[in-house]
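Heads up, the thing below is written out as structure tokens.
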Amino acid sequence: MTGVAADLINSGGRGLGLNMAQALAEVGVRGIAIMDVQQELGDKAARELSEQTGVDVRFYRVDVRDGPGIGQTVRDIVDHYGALDVLVNAAGIAE
Ligand SMILES: NC(=O)c1ccc[n+]([C@@H]2O[C@H](COP(=O)([O-])OP(=O)(O)OC[C@H]3O[C@@H](n4cnc5c(N)ncnc54)[C@H](O)[C@@H]3O)[C@@H](O)[C@H]2O)c1
């Protein structure tokens, strides 16, 4: 998938979000921004996915219920990657 500058995944620390991040990395996106409320989980997911695939994967800790926080995070992501092309919403708790 060339031409995709960055994908924003919430919440990609684990579960469906992480699975989608892995799939996007495998098809060749240039960058992936993972958002999750859990710092350690997100740091680990971004580090491992980057090491496994060579894709520029970054983690941004934010709660999806925090509107201003989401706005700032999106600005930070666009500052780093230059654009945002795909958004995956996967935040939630699977019981
Ligand atoms: N797994 C499935 O097959 C499936 C099927 C249908 C629907 N769902 C729904 O999809 C959602 C995600 O499922 P999953 O299996 O990935 O769950 P999961 O519990 O494995 O992962 C959810 C992730 O969301 C994060 N998160 C939770 N609340 C957040 C918040 N307020 N802000 C930021 N991050 C937050 C968690 O930290 C976690 O990393 C759930 O609501 C689930 O009910 C899942």
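The values are calculated or read from the model by the stated rules, or taken from the named source; none is laboratory data. Because the structure is a prediction, the values reported are computed rather than measured. As a convention, Cβ positions derive from the backbone with ideal geometry for all residues, glycine included, and neighbour counts pool all protein chains shown.
Quick notes on this one:
- Taking the criterion of being more than 11 Å from the ligand (Cβ to nearest atom) and either closer than 13 Å to ALA21 by Cβ or part of a helix (DSSP H, G or I) (or both), the residues of region 45-58 that qualify are ALA46, ARG47, GLU48, LEU49, SER50, GLU51, GLN52, THR53, VAL55, ASP56, VAL57, ARG58.
- Condition broken by LEU16, with the remaining ones in (1) in a helix (DSSP H, G or I); (2) modelled with pLDDT of 90 or more; (3) within 22 Å of GLY92 (Cα to Cα) satisfied: (2)
- Given (1) of a type in the set (D, E, K, R); (2) modelled with pLDDT of 90 or more; (3) crowded, with 20+ Cβ neighbours inside 10 Å, number of the condition ASP7 does not satisfy: (2)
- The residue pairs whose first member lies in region 48-64 and is in contact (Cβ under 8 Å) with a residue 12 or more places away in the chain, whose second member is part of a strand (DSSP E or B) and surrounded by fewer than 17 Cβ atoms within 10 Å (Cβ to Cβ), and whose beta carbons are closer than 9 Å, counting only pairs six or more residues apart or on different chains, are VAL64/ASN89.
- Those residues of region 65-89 which are touching an Asp or Glu at 6+ places or on another chain (Cβ under 9 Å) and within 13 Å of GLY17 (Cβ to Cβ), in sequence order: VAL86, LEU87, VAL88
- When region 18-44 is limited to residues that are in contact with a strand residue (DSSP E or B) (Cβ under 7 Å, 6 or more places away or on another chain) and of a type in the set (Gly, Ala, Ser), the one that is nearest to the ligand (Cβ to nearest atom) turns out to be GLY42.
- Whichever residue in region 59-71 is assigned to a helix (DSSP H, G or I) and exposed (fewer than 13 other Cβ atoms within 10 Å of the Cβ) and, among such residues, is nearest to the ligand (Cβ to nearest atom): GLY67
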